[in-house]
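Undergrad: Got a structure here, written out as structure tokens. Questions coming.
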Amino acid sequence: MKPKTCKSPLDDVEEIGRIDKSNMLSFSVQAPKHYHKAAEISEKIVVNYQKPDNVIVAGMGGSAIGGELLKDYARSQAPVPIEVSKDYTLPAYAGKRSLVVIVSYSGDTEESLSAFLEAQRRHCMTYCISSGGSLLEFAEKLNVPHLRVPAGMPPRAASPYLLVPQLVLLEKMSLVSGVSESLSDASRNLEKISRENAPEKPAESNPAKLLASGINGTVPVVYGFGIYRGVAQRWKQQFNENAKVPAKWEVFPELDHNEIVGWEKAGSLNRHFSTVFLRDKNEPLEVRSRIEITKNLMPKASKRLEVWSQGKNTLAKMLSAILIGDFTSIYLAVLRGIDPTPVPTIATLKQKLGETGTKERIIHELEKLKPIQS
Ligand code: F6R
């Protein structure tokens, strides 16, 4: 009998491929290439809108997370507020002086189509980002500026194509700066991260494989701060959708005012959780002290893991932490023997919602709209 050489499924590239049937890993391995391509595509963006009073990014799930990341990136520089709206309706203040960016990878998500309808009715300055569907069909028909991104990916894997255009759009409208330079630095940094966490890299020296092994069997709770707020949210969503596990995210300093008390008397419940702290070599001193104090107050029973971002600029750091999280969630799926790509519950939900007629009603209302005069 041939001796078994591989101890962990994560050290067996063939086994990884057998479980990751649709090759979700390839999107992470090729992330630098996708960011590069997304930057090229985004050069096409032309906007003739005046400077808005506020920005609203409307989308759901894997399409909305780019808005959350944009919001964190822009927080220290944008002169206007940015809100991410994940609903059928837009906030009451949305109007002629609002820039509304509708992001839906499929272009067929009913909440996003409804937000698009509302943006047209309220004469908002609208921009659409999608790979097709009804959203692009109506954007073309109604002369609404839009960007068509490559189709054929799971929306959460298409995040370079959903985030970069938003950054470029805001840069072209002089609401943020430094995007182009940051992106080329970030892509170089991602190449390193991709190599370090690639499936061929053995578990003992592969940070994402080590994290996945540490988290396996627990509910991961991800703690971010500052520019890692949306990143923590993305980690949670990737654990849900790729690894099919419940997960939670929180953000410093707010978590110190409620979350920490939740661990106080959790008793044996604690061992069912692991906490992942997102860290930065240059995190502000007040954040560093807070994280260290918080860690010492946490119960010893739950697993505690740390992830350090890499890179020289804000965007590079954010994207590095995202990519490590994406790899980790996929390796966690592999450890659980689950194909990371299909999301059957979301598919079933969308199918059942389709039967309720809501989307048809929205489409019917969209059909009544008149094209914008150019
Ligand atoms: C699937 C995924 C979902 C979708 C969401 C909205 O990979 O990540 O969260 O992103 O259901 O659909 P789209 O992105 O097509 O508007």
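Each value in this text was obtained by applying a stated rule to the coordinates, not by laboratory testing. The shown structure was predicted, so the numbers you read here are calculated from the model rather than taken from an experiment. Positions of Cβ are generated from backbone atoms using ideal geometry, with glycine treated the same way; all protein chains shown enter the neighbour counts.
Undergrad: Find the all-direction average of the projected area of the Cα convex hull for region 36-98, expressing the result in square nanometres with one decimal place.
TA: 5.3 nm²
Undergrad: Springs between alpha-carbon pairs under 10 angstrom, Gaussian network model over the chain: which of MET60, MET24, MET173 fluctuates most?
TA: MET173
Undergrad: Here is a further query. Amide H neighbours of VAL101 under 5 Å, at least 5 residues apart or on other chains, H built in the peptide plane: list them.
TA: For VAL101, whose amide H was placed from the backbone, the distant partners under 5 Å are ILE56, VAL57, ALA58, TYR127.
Undergrad: Using the Cα atoms of region 272-374, I'd like the radius of gyration and the largest Cα-Cα distance, Dmax, both in angstrom.
TA: Expressed in Å, the Cα Rg and Dmax of region 272-374 come to 22.3, 63.
Undergrad: Continuing with the same structure: Could you tell me how many degrees, from 0 to 90 and to the nearest 10, lie between the Cα long axis of helix 285-297 and the main elongation axis, the longest principal axis, of the Cα atoms of the chain?
TA: With both axes taken from Cα atoms, the answer is about 50 degrees.
Undergrad: Convex hull over the Cα atoms of region 56-209, averaged projected area in nm²?
TA: 10.0 nm²
Undergrad: Based on the mean of other Cβ atoms within 10 Å per residue, sort peptides 353-359, 251-257 so the most packed one is first.
TA: Per-residue Cβ counts within 10 Å, averaged per peptide and sorted highest first, yield 251-257, 353-359.
Undergrad: Find the relative contact order for region 13-154 and round it to a whole percent, using C-alpha pairs within less than 8 Å whose residues are 6+ positions apart.
TA: In percent, rounded to a whole number, it is 21.
Undergrad: I would also like to ask the following. Do you know the Lys pair count in region 1-123 for C-alpha distances under 22 Å, with sequence separation 8 or more or different chains? Could you put the intermediate results ahead of the total?
TA: On the way: LYS7/LYS21; LYS21/LYS33; LYS33/LYS44; LYS51/LYS71; LYS51/LYS96; LYS71/LYS86; LYS71/LYS96; LYS86/LYS96.
Lysine pairs, 8 or more places apart or on different chains, close enough: 8.
Undergrad: Once you order the gyration tensor axes a ≥ b ≥ c over the Cα atoms, which shape class does region 216-337 get: rounded for a/c under 1.5, otherwise prolate or oblate by comparing a/b with b/c?
TA: oblate
Undergrad: Just want the ordering: SER98, SER130, from fewest to most Cβ atoms lying within 10 Å of their own Cβ.
TA: SER98, SER130
Undergrad: Eight or more residues apart or on different chains, and alpha-carbon atoms under 14 Å: count the Lys pairs in region 231-325 matching that.
TA: 6
Undergrad: Normalised by the number of residues in region 254-374, what is the relative contact order in percent for Cα pairs under 8 Å and 6+ residues apart?
TA: That works out to 21 percent.
Undergrad: Moving on. At a 10 Å Cβ-Cβ cut-off, how would you order VAL245, VAL103, VAL149, fewest neighbours first?
TA: Details: VAL245 19, VAL103 33, VAL149 23.
The fewest-first ordering by Cβ neighbours comes to VAL245, VAL149, VAL103.
Undergrad: In square nanometres, what is the average projected area of the Cα convex hull of region 43-138?
TA: 5.9 nm²
Undergrad: Which of the chymotrypsin sites (Phe, Trp or Tyr not before Pro) found in region 61-140 are loop residues per DSSP with 14 or fewer other Cβ atoms within 10 Å of their Cβ?
TA: Sparse-neighbourhood loop chymotrypsin sites (Phe, Trp or Tyr not before Pro): TYR93.
Undergrad: Taking the square root of 5 times each eigenvalue of the Cα gyration tensor, what semi-axes in Å does the equivalent ellipsoid of the chain have, largest first?
TA: Numbers: eigenvalues 251, 111, 86 Å².
Values for the chain, descending: 35, 24, 21 Å.
Undergrad: Choose one answer from GLY107, GLY262, GLY337: the residue with the largest mean-square fluctuation in a GNM of the chain with alpha-carbon springs under 10 Å.
TA: GLY262
Undergrad: If neighbour count is taken as other Cβ atoms inside 10 Å, put ILE362, ILE19, ILE82 in order from fewest to most. Display every interim value, and only then the final one.
TA: Working: ILE362 21, ILE19 18, ILE82 24.
Ranking ILE362, ILE19, ILE82 by Cβ neighbours within 10 Å, fewest first, gives ILE19, ILE362, ILE82.
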